[in-house]
Amino acid sequence: MFKRVRSTQAIIFTTLLRGIASLTMLFMLIEFFDELNYGVGNAALPAIRSDLGFSYVQVGLLLGLPGIVNTLIEPVLMLLGDTRFRKRIMLGGGLAIVFSLIAIASTRAFPVVLLGMAIGFPASGAFVSLSQATLMDINPGREPQMMARWTVAGSFANLVGPAVLAAGFALGFGWRWAYFGMAGMCLVLVGETWLGR
């Protein structure tokens, strides 16, 4: 009887560890995606400007206005994220990122690109910043290690993003494929977050 109880406890503990490990990996992938998204977006901006014929004033708006919108919206999302609605806000943020990437990739109109970027900034806060907070919550006492891993994942994505885009250009692809690809990647991560316990 005692051995059976110990065996059951071991199974529960192993299952719990696997769940935490998989969630930890998921959140690292979300950070990787986020930095990949910004890395590709920043590297693609000259090509977007040239392809769509944007003026430098319009480029200035693309660089500045989404940050202002984010400054107004993100604090509210972070406060709401500290409630029982965290997972819903994370999922909504992830889906908003997917929408923004598809909108940018499928248009030639400046207002749509601007709207996509303005949506993408606070959506990233909802999806990524709350993933980071959850990562810390499920790893009590290991916050420094988790932050180190989080930083490594983001730094690696910062290196990979422009390189992937450059390889795509070298193979004759434009910038749109990268946005569609990132939208697909984000959709998978949202699905995994929804399924995560």
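Some observations on this one:
- Apportionment of accessible area to carbon and sulfur, the chain, percent (1.4 Å): 71
- Over all other residues within a Cβ to Cβ distance under 9 Å of ALA157, the charged ones net out to -3, with Lys and Arg as +1 and Asp and Glu as -1.
- Farthest towards the positive end of the charge dipole of the chain, among the residues LEU36, LEU115, ILE138, is the Cα of ILE138, using unit charges on the Cβ of Lys, Arg, Asp and Glu.
- Loop-located trypsin sites (Lys or Arg not before Pro) across segment 68-99 with a Cβ neighbour count of 14 or fewer within 10 Å are ARG84, with loop assigned by DSSP.
- The stretch between LEU72 and VAL59, if pulled fully straight at 0.36 nm per residue, gains 2.6 nm over its current Cα-Cα span.
- Cα-based shape type of segment 109-160, given that a ≥ b ≥ c are square roots of the gyration tensor eigenvalues and the cut on a/c is 1.5: oblate
- Over the chain, accessible surface divided per residue gives 55 Å², non-protein components excluded, 1.4 Å probe.
- Among the trypsin sites (Lys or Arg not before Pro) in segment 96-160, those placed in a DSSP loop whose Cβ has at most 14 other Cβ atoms within 10 Å are ARG108, ARG142.
The values are calculated or read from the model by the stated rules, or taken from the named source; none is laboratory data. Computed from a predicted structure; not experimentally measured. Glycine gets a Cβ as well: all are built from the backbone with ideal geometry, and neighbour counts include every protein chain shown. Just so you know, the surface numbers come from the protein's heavy atoms only, side chains and all, with ligands and any DNA or RNA stripped out. Shrake-Rupley method; radii C 1.70, N 1.55, O 1.52, S 1.80 Å.
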